[in-house]
Amino acid sequence: MSATLSATFRTLLVSSSDTSRTLLHRLLDGSDIVIDDMVEPDQVIASVARRAPDLIVIDVEADATTLTRVCGVLKANPTTLLVPLVGLAKSAKQRLLAFEAGVDDFLTHQVRRDEFMVRVRSLLKVSAARRQLAAEQLADEVKRRELIRAAFRRYISPKLADQILASPELLDSMFAGTNKRTQVAVMFADMRGFTALSERLNPEQVVELLNEFFKLLTDITFEYEGTVFSMAGDSLLVGFGVPVAQEDGAERAILAAKLMLEQFASLAHRWTQRYGVETGLGIGINVGEVIAGNVGSPSYMNYTIIGDTVNVASRLGQRARAGEMLFSDAVKTLLDKRGVDVGAMPLPSLVLRGRSSPIGIFCVPTASNERLDFRPN
């Protein structure tokens, strides 16, 4: 219990002398400050562990090494860090030694009772104020960390958010403007038929559908510990393996994409029944090196991923038909290297504008979608 809430203030006397106990009893007699325990210097840690005191009085007659060691232990212990530490000696000769060891005040055996009580109560009052301030600062820090965690969880899975908050290096890399080159599986998920949907429905209904759409996709992204980097119109940009590395990022992306396609098919069916609109979902996946970092201006920054790997994933997402996932030969190579077979079906190579060589692409056929008529760009 803290000093501000105690009916009495508990004092720990660190001494081997009965003289010190007798003196302290006399000084405290009839007050709300009582001797709770008296221990030898080597018993201090055990006593504090049993019950934290509100005041510690230490006999300065001990040798300098012992005195310094005991004071150091008490000032390093979180439980006693803010507890007043008073040195007590037979004469003022030990005064400098006591303060060098770390006491907060020094008194001799000749101290008058009224002076002793005034000085000790002043120390207790300051200690209570410091504890209150420390408690408020701790509460503010906990609140700040919870706000950061809540913000992270808007685009990073709760598990990844906790990993980042527990790692100063990861936290610094995200907020210190550091750009990091890393291997990432990139996914673009695009809604098909959004333009027609927007024309047929009022803005409130469109927002409602988009919220359902993005909730479905982000929930699945977080299930596979991916990171959402962007929600633009009817498109979602997701990364696996950033900001926390994942050796199985490509597999996570494939599994997440399959689940997205399955669950969005049910959602699209409900939309058709509710609004009479036809929509679908196309997904593109690529793997490779990207730059992950903060992009923007001093007044607005966005943690994102950029690079050719992202551009290719975007183009694959645009080319994928409703209900289809397309991924690059880089993804297939990585899956093969890890011995993972997803039943991929090769498709004609895709030539992208601005690239000199075509990209090998694959899809995973489903019962509702056999891609046999793919037309390269």
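The values are calculated or read from the model by the stated rules, or taken from the named source; none is laboratory data. Quick caveat: nothing in here was measured; it's all calculated off a predicted structure. FYI the Cβ positions are ideal-geometry reconstructions off the backbone, even for glycines, and counts take in every protein chain you see. Areas reflect the complete protein model, heavy atoms only, side chains present, ligands, DNA and RNA absent. Shrake-Rupley method; radii C 1.70, N 1.55, O 1.52, S 1.80 Å.
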Within segment 268-289, is even one residue buried (at least 17 other Cβ atoms within 10 Å of the Cβ) and either among the hydroxyl-bearing types (Ser, Thr, Tyr) or touching a Cys at 6+ places or on another chain (Cβ under 6 Å) (or both)? yes
Matching residues, segment 228-244, being open to solvent by 30 Å² or more (accessible area, probe 1.4 Å) and touching a strand residue (DSSP E or B) at 6+ places or on another chain (Cβ under 7 Å): Ser230, Asp234
Quick one: is Gly72 touching a residue at least 12 places away in the same chain (Cβ under 8 Å), open to solvent by less than 50 Å² (accessible area, probe 1.4 Å) and in a helix (DSSP H, G or I)? yes
Identify, by number, the condition in (1) open to solvent by 20 Å² or more (accessible area, probe 1.4 Å); (2) not in a loop (DSSP other than H, G, I, E, B) that Gly87 doesn't meet. (1)
Taking Val57 as the residue in question, decide whether it is of a type in the set (Val, Ile, Thr), open to solvent by less than 10 Å² (accessible area, probe 1.4 Å) and in a helix (DSSP H, G or I). no
Of everything in segment 172-199 that's of a type in the set (A, V, I, L, M) and open to solvent by 40 Å² or more (accessible area, probe 1.4 Å), which residue is modelled with the lowest pLDDT? Ala176
If you go through segment 325-339, how many residues are in contact (Cβ under 8 Å) with a residue 24 or more places away in the chain, open to solvent by 40 Å² or more (accessible area, probe 1.4 Å) and either in contact with a helix residue (DSSP H, G or I) (Cβ under 7 Å, 6 or more places away or on another chain) or of a type in the set (Lys, Arg) (or both)? 3
Working carefully through the options Leu138, Leu55, find the one that is free of Cβ contacts under 8 Å to residues at least 40 places away in the same chain and among the aliphatic types (A, V, I, L, M). Leu138
